[in-house]
Amino acid sequence: MIYRGFKDKDISLLGMGCMRLPTIDGDDKKPDEQKTAEMVEYAMKSGVNYYDTAWGYHGGNSELVMGRILKNYERNSFYLATKFPGFDKESFLKVPEIFEKQLEKLQTEYIDFYLFHNICETNIDEYLAHKDNLISYFAEEKKKGRINHIGFSCHSSFDTMVRFLEAYGELIEFCQLQLNYIDWDFQDAKSKVLELNKRNIPIVVMEPLRGGKLANVPEDVLATVRESRAGITAPQLALRYVESLPGIFTVLSGMSNYEQLVDNINTFSQPAPFSDDELKLVYKVSEYFMNGNVPCTSCRYCTKYCPQELDIPRLLGLYNEDKVTNGGFVSAMNMNTIPKEKRPSACVGCKSCEVVCPQQIEIAQVMSDYTESLKKNHFYHE
Ligand code: SF4
Ligand code: SF4
């Protein structure tokens, strides 16, 4: 296993993400404890020492299951991460109650890595409004030794991430970021990584396979990288990619079965980061996933012709996100922050925008498709 330094700790480059544990009958709220225990046993034996859960994973049962499993191991043989559920506004009114409950569920006296969960456009204002209370409470818990390190996870834009960092200042020691070879440009992860590097804030990678999407790459697309790395598989490519980026101390993979765990452990048994030339080949693979996306360049020629005053390039960017994730939560979550009269459903189909669009995007049709897609997304609130 490869290890990376974080302050006085050596952390395994592969961390076990506990949001996609094996389940019983496909029910997300019922993690399969026996299968998870077998996975943890193999992970521990293989040197994986970072386990990441959260209040909300598996309907609250990830913390319970991981607590029962991890109590069978020496507490100083692994690092435990969990998160404050700031995606729910009610949580800000019961901070001590939640933290005490987490210690109880995880059957531990301390958390090694404690994160503010999912800083994003929908909750940044709450995080800023409750800043003084959160900082003083968690700084005190750190002083008492019940938390070792404090950080945050982030699916937000660059600007929102920086607003959070500016507000929380020195309390923040690390950041968990969605990072993979698609999102380097697509979600502008590059700017976020460079900013975190500049601030000396180490990074935990999440979604290195973008929810499993990058585990399936057609053979002819993979062939580009195999010119340099014979026989590399799609999951290996995704993990090697994040291994190659600066400032990373662990990579969380939300593994749902034993085979994925064994594969990932094998990949990180020895260091083998990509060279700069190889990274260029990897970015070629990302073009495969971007095919079919709306090619908006954000020139904004269209916006002044829209009678509804829609922020067309922003909506098209979210539409692309929706397509790439097959209706995942990021696009819906962002859309929930946009006033209803500025959403795709407000488009009246006049096509004034299309006349001036140099990319000849069929914007009215896209708005209509996107409206339909959002209606089916359970993260979206009309
Ligand atoms: S088609 Fe829709 S997005 Fe385009 S100008 Fe008309 S209302 Fe605005
Ligand atoms: S004119 Fe076309 S390319 Fe330019 S911002 Fe509008 S939709 Fe995007």
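How high is the FRET efficiency from Lys7 to Arg314, r the C-beta distance, R0 56 Å, rounded to 0.05?
That pair, Lys7 with Arg314, gives E of 0.90.
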Given the pairs Lys323/Lys351; Lys94/Lys198; Lys192/Lys375; Lys30/Lys105; Lys105/Lys323, which span a C-alpha to C-alpha distance of over 25 angstrom in this model?
Lys94/Lys198; Lys192/Lys375; Lys105/Lys323
Any idea what Rg and Dmax come out to for the range 69-176 if you just take the C-alpha atoms, in Å?
13.8, 42
So what's the angle, to the nearest 10 degrees on a 0 to 90 scale, between helix 131-143 and the longest Cα principal axis of the chain?
20 degrees
per DSSP, antiparallel bridges as share of beta bridges in the chain, % nearest 5, sits at 15 percent
Expressed in nm to one decimal, what extension gain is obtained for the pair Asn197 and Lys30 from 0.36 nm per residue of sequence separation less their Cα-Cα distance?
56.3 nm
With 10 Å bins from 0: P(r) over the range 1-118, alpha-carbon pairs, percent:
13, 46, 33, 8, 0
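Indicate the gyration tensor shape class of the range 303-375 (rounded, prolate or oblate), computed on the Cα atoms with a ≥ b ≥ c the square roots of the eigenvalues: a/c under 1.5 is rounded; otherwise a/b larger than b/c is prolate and the rest oblate.
prolate
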Using Cα atoms only, what is the angle between the long axis of helix 234-243 and the major principal axis of the chain, expressed in degrees (0 to 90) to the nearest 10?
80 degrees
Sites excluded, chymotrypsin sites (Phe, Trp or Tyr not before Pro) in DSSP loops with at most 16 other C-beta within 10 Å, longest stretch of the chain:
111-300
Which GluC sites (Glu not before Pro) does the range 161-236 hold that lie in a coil by DSSP with at most 11 other beta carbons within 10 Å?
Glu227
For the range 187-243, state which trypsin sites (Lys or Arg not before Pro) are in a DSSP loop and have at most 13 other beta carbons lying within 10 Å of their beta carbon.
Arg199
At most 10 other Cβ atoms within 10 Å and a DSSP loop assignment: could you name the GluC sites (Glu not before Pro) in the range 19-102 that fit?
Glu74
Mind jotting down the three principal axis lengths of the range 129-231 based on Cα atoms? Whole angstrom, largest first.
54, 28, 23
Helix 363-375 sits at what angle to the longest principal axis of the chain, using alpha carbons and giving 0 to 90 degrees rounded to 10?
40 degrees
If I take the Cα coordinates of the chain and project them onto the principal axes, what are the three extents in Å, biggest first?
66, 54, 45
Cys residues of the chain with no disulfide-compatible partner (no other Cys Cβ under 4.7 Å) are Cys18, Cys120, Cys154, Cys175, Cys296, Cys299, Cys306, Cys347, Cys350, Cys357
Cα Rg over Rh - the range 241-313, Kirkwood:
1.20
Return the long-range amide H neighbours of Phe116 (sequence gap of 5 or more, or a different chain), with a cut-off of under 5 Å between placed amide H atoms.
Phe84, Gly151, Phe152, Ser153
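Bear in mind these aren't lab numbers, they're just calculated from the coordinates by the rules spelled out. Here the structure is a predicted model, which is why all the values come from computation and not from measurement. Neighbour counts run over all protein chains shown; Cβ positions are idealised from the backbone, glycine included.
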